[in-house]
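Each remark here refers to the structure printed beneath this line.
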Amino acid sequence: MYSDVVEIAKRRGFFWPSFSIYGGFSGLYDYGPLGVLLKDNIINKWKKAYLDEGAIFIDTPNITPGEVFDASGHLSRFSDIAAECDSCKSKFKIENVLAFNKIEIIPKSVDEALSISEKNNLKCPVCGNIIKKIYNYNLMFRLENSNFYLRPETAQGIFVNFKLLSNYYRGKLPMAVAQLGKGFRNEISPRQSLIRLREFSQGEVEVFFDPENEYWKDLFDYDEITLKPNTGVEYKTSIKNAFENRIIDNIAMAYFILKTQKILNDIGFKNDNIRFRQHDPDERAHYASDSWDAEARIDDDWVEIVGIANRTNYDLKNHDAKSSERMSLKINNRDVIPNVIEPSYGIDRITLALMVQSYHKNEKGYNVLSFKPEMAPYHFAVLPLIKKENFIKKSMEIYNMIMSIDSYVYYDETGSIGKRYSRQDEIGTPFCITIDYETLENDSVTVRFRDTGNQERIDKKDLLDYLSGKLK
Ligand code: GAP
C-alpha cells in the first residue's frame, strides 16, 4: 500500500522528490497542490486541539547560533553512529549494517561498534566490502564558515524564550507553548519518501509545569489505548489504568499521550492502526527521562509519527546555566525551574501515514483515498455530465453557489463521467455533484458518495444545507 500511495502522490499532485530535473536528492520532498491542502488540514487539527488546551504559539528562526546547541547538548550528543564503506563510499547507520550482517546487538558507543566490527568482519550492504570506518556523525547542518546551524528541532526556539513567554502568560503554570516549523537533520540514510527527510515539518508543544502540582489529575476518561511498554508486550488498556499501575509514571505524560490519540483520531486514524511504544532506556534522546512514540501502521511496519518526551527541566536548566537569563519562577516561595512534557508531531509522517491508512481499492479495482470529509483536499467536485454549453453554464452556477460556503470545490469537465468519478475517488473527494439532463429540467442535481458510489438527487434550493450537513 505504501508504494501505491507514493505512486498516486506523484501522479496526482500530493508529493514528489524535489529537484528531480537535476537527478533528485534523497531526503528532500516537494508538496504538490493536493498535498499542501491535506497537510494544512492536518496542521489545522493540531493547532485547534492545542488552542483548545489554552496553548500559546510562537514562530522563531530556523538559523540558530551554536551557543544554543552547546547548552542543549545537541552539539555533543545529537549524533548517530555511522559506518562508511571505503570501496563504494556508501554511508549507513550502524544499525542497518548490523541488521544486514544478521547481528542483533545495538552498540551504545563508537568503541563498542568498532569492537563488534572487528570481531565480525561487517560487510557493506551495497558492495560486500569489509567496513572499517565507523564514527560519530552529528546530525545537524552547520552553515559554512559560521557558528550557525539549521535547527534539528523547533523546541529550542521555545526554551530560549521561556522568560519572555512566561511574562506574557503572567507566570502561570502549566503553560503550553507551540511552534510549527521546519526541522533539519543531515540524516545518514534518508529514505522512504516522507518518513526520513533532511528537511521536515514539526508541530512541537512544550508544556511547562511545576512537578509538585498535579494539574491533570481530574482529566482522565476511559478511552481505550494500545500501549507497548519497554518492559512487556503490547496490550490495550485505559490511560487511567496505565497511570494507576505506573505503566506511565507521569500524569502529564499520560494526559498528553491520550490527547495525542484524540488528535490522531480527529485527523482520521483508527485506534487499531496506532499504538504508543515506550523507548528503551538506551534509545532515548539525550534530554529525555522517558519517551513514548505514537506509531502508525504502514504496511507491516510501525512508524513513529509523534514523539512524546519527558524532558524534565533539562533544557531550561542548561540555558539557565549558560545564558544571561535565569529560568526559574517563584512559586509559593520556592524557586522552580519548570519541568517539560513535549509532544512533538511530525507533520510529514502523519500526512503519509494518513494517506496509507486511507488507501484501498474499490470493487472495480480503482484507487480510493477515504479521508474524513473535512480532511480531504477537496470537499466537493462539480461535474457537468457532458461538455456542452448549457451543462457547463449550469455547472458554473452550482460551482459558484457552493464556493460561497466552502472554498474547497473542484470543477472538472474533461473525460467520461465514470473516469471523472474515479479521479475524484483517487484524490479523496468525498462528494461529487453532477449536473445532468434532469438538472436542466427541474433544477436538481445528483450527489455521489465516494465510499459507496451511491447517489442522491437533491433540489438546488436545498443543496447548500444538505452539503454543509454532510461535511459536518
Ligand atoms: N523535539 C523533539 C524531537 O524532535 P523527534 O522524535 O526526534 O523529537 C519528533 O522528532 C517527530 O518529528 C518524529 O516523531 C517524526 O514524526 C518527526 N521526524 C523526526 N525526524 C524526522 C525526519 N528525518 N524526517 C521526517 N520526520 C521526522
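Overview of results
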| item | result |
| --- | --- |
| Pair list, Cβ under 7 Å, 6 or more apart: the range 329-347 residue touching a residue at least 24 places away in the same chain (Cβ under 8 Å) and more than 23 Å from Asn44 (Cβ to Cβ), other residue assigned to a helix (DSSP H, G or I) and open to solvent by 30 Å² or more (accessible area, probe 1.4 Å) | Ile337/Lys317; Ile337/Asp320 |
| Filter result (open to solvent by 10 Å² or more (accessible area, probe 1.4 Å) and among the hydrophobic types (A, V, I, L, M, F, W, C)) within the range 444-472 | Phe449, Ile458, Leu464, Leu471 |
| Residue in the range 205-227 that is farther than 16 Å from Asn250 by Cα, surrounded by 14 or more Cβ atoms within 10 Å (Cβ to Cβ) and within 12 Å of the ligand (Cβ to nearest atom) present | yes |
| Entirely in the range 292-361, the strands (runs of 3 or more DSSP E) that have 2 or more residues that are on the phi > 0 side of the Ramachandran plot, within 11 Å of the ligand (Cβ to nearest atom) and modelled with pLDDT of 95 or more | none |
| Residues that are away from the ligand (no atom under 11 Å from the Cβ) and open to solvent by less than 60 Å² (accessible area, probe 1.4 Å), drawn from the range 145-156 | Ser146, Tyr149, Leu150 |
| Single unsatisfied condition, Thr452 versus (1) within 33 Å of the chain's Cα centre (by Cα); (2) among the β-branched types (Val, Ile, Thr); (3) at pLDDT 95 or above | (3) |
| Per-region count, the range 148-178, residues within 15 Å of Phe57 (Cβ to Cβ) and among the acidic types (Asp, Glu) | 0 |
| Qualifying residue in the range 107-115 (condition: under 31 Å from the mean Cα position of the chain (by Cα), farther than 19 Å from Asp315 by Cα, of a type in the set (Ser, Thr, Tyr) and surrounded by 18 or more Cβ atoms within 10 Å (Cβ to Cβ)) | no |
| Boolean, Thr429 is touching a residue at least 12 places away in the same chain (Cβ under 8 Å) and either open to solvent by less than 60 Å² (accessible area, probe 1.4 Å) or β-branched (Val, Ile, Thr) (or both) | yes |
| Test: Glu441 is open to solvent by 20 Å² or more (accessible area, probe 1.4 Å), touching a residue at least 60 places away in the same chain (Cβ under 8 Å), outside any loop (DSSP other than H, G, I, E, B) and not small (Gly, Ala, Ser) | no |
| Scope the range 278-291; condition within 14 Å of the ligand (Cβ to nearest atom), open to solvent by 60 Å² or more (accessible area, probe 1.4 Å) and not in a helix (DSSP H, G or I); matching residues | Arg284 |
| Any hit, the range 188-210, residues being charged (D, E, K, R) and without any contact (Cβ under 8 Å) to a residue 60 or more places away in the chain | no |
| Residue match in the range 168-180 (condition: within 30 Å of Lys10 (Cβ to Cβ), open to solvent by 10 Å² or more (accessible area, probe 1.4 Å), of a type outside the set (Ser, Thr, Tyr) and within 16 Å of the ligand (Cβ to nearest atom)) | yes |
| Helices (runs of 4 or more DSSP H) contained entirely in the range 103-175, each with at least 2 residues that are within 30 Å of Gly346 (Cα to Cα) and free of Cβ contacts under 8 Å to residues at least 24 places away in the same chain | 162-168 |
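The values are calculated or read from the model by the stated rules, or taken from the named source; none is laboratory data. Everything numeric here is computed off the predicted structure, so don't read it as measured data. Here the Cβ is made from the backbone with ideal geometry for all residues, glycine too, and neighbour counts use every protein chain on show. Only protein heavy atoms, including side chains, enter the accessible area calculation; ligands, DNA and RNA are left aside. Shrake-Rupley method; radii C 1.70, N 1.55, O 1.52, S 1.80 Å.
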